[in-house]
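Here is the structure we will look at.
The values are calculated or read from the model by the stated rules, or taken from the named source; none is laboratory data. Keep in mind that what you see is a predicted model, and the values were worked out from it rather than measured. Reconstructed Cβ throughout: ideal geometry from the backbone, glycine too, with neighbour counts over all protein chains shown. Just the protein is used for accessible areas: all its heavy atoms, side chains included, with ligands, DNA and RNA removed. Shrake-Rupley method; radii C 1.70, N 1.55, O 1.52, S 1.80 Å.
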Amino acid sequence: MTETPKRGRPRTFDREAALTAATRLFWERGYEGVSIGELTEAMGIRSGSLYAAFGDKKSLFKEVVDTYGRSPVGAFAGVALQEEPTAYGAFARILREAAVIYPDPAHPAGCLAITAATNVTAQDTEVRAFLRDLRNRNVDGFEARLREAQRAGELPAEADPRALADYFATVLQGLSQRARDGATAPRLTAAVELALAAWPVARS
C-alpha cells in the first residue's frame with residue numbers, strides 16, 4: 001500500500017524579531033526609503049509571509065509605529081506626563097530624556113514618528129497624514145496637561161497652554177533632527193536647559 005506523502009509544515013518565523021528588524025529599517029531610512037525586498041531580507045522572510053503576517057507595506061509600517069509607541073524609546077513622553085506630579089517636572093523630564101534617547105547609538109538616531117515620513121511621494125500621502133495626526137494628538141495631550149496645570153495654579157493665568165504645547169513639540173522635533181545630524185547627548189542636554197528657561201512664571 002502506497003503511503004500518501006505528508007505535507008511539510010509551513011515555515012514559521014519569529015514575528016517579534018521580524019517586526020524589530022522592520023522597525024530599525026523604517027527608522028533608519030524612513031517609509032519611502034525602504035522597499036519590500038529590503039524589508040523581507042532584513043526580516044528574514046519571504047514576501048508572501050510578510051503579506052500574510054502583516055498585510056501590505058503601509059499596514060506593516062503602522063504596526064511598527066504602534067509597537068514603537070509602546071516601547072521605552074517611544075513611550076517616554078507619555079510616561080512622564082502620567083508619572084510626574086507637576087507639569088514642569090513632566091516636560092523637563094520629557095526633554096531631558098529625549099536628549100539622551102534620541103542620540104543613543106543602540107538604535108537609529110532621532111524619533112521614528114518624527115522622521116519616518118519625510119519626502120513621501122503623492123501615492124503615499126496617507127502615511128504622512130498618519131504620522132502627522134499622531135504627532136498632533138501628542139501636542140493635544142501636551143496642551144491638556146498644561147491647561148490642567150493652569151487650573152491648578154501651576155501656570156500663570158496669562159500663559160497660553162496651546163502655544164506652550166506647540167513650543168515643547170517644536171523643541172522635541174528639533175532635538176530629533178539634531179540627533180540625526182550627529183549632535184551628542186551633552187549638546188542636546190545643554191539645549192534642553194535653555195529651552196526649559198522659557199517656562200512661564202507669574203508676573204510680579
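Taking the residues in the range 53-82 that are among the aromatic types (F, W, Y) and within 13 Å of the chain's Cα centre (by Cα) as candidates, determine which candidate is nearest to L131 (Cα to Cα). My answer is F61.
Within the set D124, D140, the sole residue that is surrounded by fewer than 19 Cβ atoms within 10 Å (Cβ to Cβ), within 17 Å of V65 (Cβ to Cβ) and not aliphatic (A, V, I, L, M) turns out to be D124. For R132, indicate whether it is surrounded by 15 or more Cβ atoms within 10 Å (Cβ to Cβ) and either at positive phi or without any contact (Cβ under 8 Å) to a residue 40 or more places away in the chain (or both). So R132 does not fit the description; no. Residue by residue through the range 46-80, note down the ones that are over 20 Å from A179 (Cβ atoms) and open to solvent by less than 20 Å² (accessible area, probe 1.4 Å). Of everything in the range 46-80, those that are over 20 Å from A179 (Cβ atoms) and open to solvent by less than 20 Å² (accessible area, probe 1.4 Å) turn out to be L50, F54, L60, F61. Kindly indicate the residue of the range 31-52 that is assigned to a helix (DSSP H, G or I) and under 21 Å from the mean Cα position of the chain (by Cα) and also farthest from D14 (Cα to Cα) among those meeting that condition. Once the filter is applied, the top-ranked residue is L39. From the set of residues in the range 83-103 that are open to solvent by 60 Å² or more (accessible area, probe 1.4 Å) and within 20 Å of the chain's Cα centre (by Cα), which is farthest from R187 (Cα to Cα)? Ranking the candidates gives E83 first. Residues that are open to solvent by 20 Å² or more (accessible area, probe 1.4 Å) and out of contact with any Pro (no Cβ under 9 Å at 6 or more places or on another chain) within the range 109-121 comprise I114, T118, N119, T121, listed in sequence order. The number of residues in the range 143-161 that are without any contact (Cβ under 8 Å) to a residue 60 or more places away in the chain and surrounded by 14 or more Cβ atoms within 10 Å (Cβ to Cβ) comes to 7. In the range 178-186 there is at least one residue matching the filter, namely being open to solvent by 20 Å² or more (accessible area, probe 1.4 Å), at positive phi and modelled with pLDDT of 95 or more.
Can you name every residue in the range 74-115 that is under 21 Å from R147 (Cα atoms) and in contact (Cβ under 8 Å) with a residue 60 or more places away in the chain? Once the filter is applied, which keeps residues that are under 21 Å from R147 (Cα atoms) and in contact (Cβ under 8 Å) with a residue 60 or more places away in the chain, the range 74-115 yields A77, G78, L81, T86, A87, Y88, F91, A92, I94, L95.
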